[in-house]
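Every read-out reported here was derived from the displayed coordinates using simple, explicitly stated rules and does not represent laboratory data. Here the structure is a predicted model, which means the values were calculated and not measured. Virtual Cβ from ideal backbone geometry, glycine too; neighbours counted across all protein chains shown.
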Amino acid sequence: MSAFSLSPQIVEIIGGVAAFLTTVSWMPQAIKTITTRQTRDISLWAQVLLFTGILLWLIYGIYIISWPLIGANIVTLFLVGTILTMKLKHG
C-alpha cells in the first residue's frame, strides 16, 4: 500500500508533464540532425532500439487508453523516426 495517494487527475497531470518533457527533449536532436545532416556520432542500434521501445509504448498506451502515452509516443516516434531515417540515409 502506498504511503500517500494521488487523485487520478493529479496522476494524469504528472503523466502529461512527463510525456511533454521527454518528447520535447528529442526536438533539438531532430532539428540538428535535419539541418546538419550529420549522423556519424549517432548510434544506429541505439536509435533502432529506442524506436522499437517507443512503438511498444505507443501500443501499450493505446491498449490502456492513456492519452499522455499515446500523444507523447506518436510525436516521439516521429522525431526518433526522423533521426533514424537520417542516420540510415546519411550514415
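Table for the structure above
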{"item": "Relative packing of 9-19, 52-62, which averages over residues the other C-beta atoms within 10 Å, highest first", "result": "52-62, 9-19"}
{"item": "Sum of side-chain charges, Gln38 neighbourhood, beta-carbon under 13 Å (Lys, Arg +1; Asp, Glu -1)", "result": "+4"}
{"item": "The chain, Rg to Rh (Cα coordinates; Rh as Kirkwood inverse mean 1/r)", "result": "1.09"}
{"item": "Net charge, Gln29 excluded, C-beta distance under 12 Å - Lys, Arg +1, Asp, Glu -1", "result": "+1"}
{"item": "Region 44-56 - phi-based ³J(HN,Hα) in whole Hz, Karplus 6.51/-1.76/1.60, Gly and Pro as x", "result": "4, 5, 4, 5, 5, 5, 5, 4, 5, x, 5, 4, 5"}
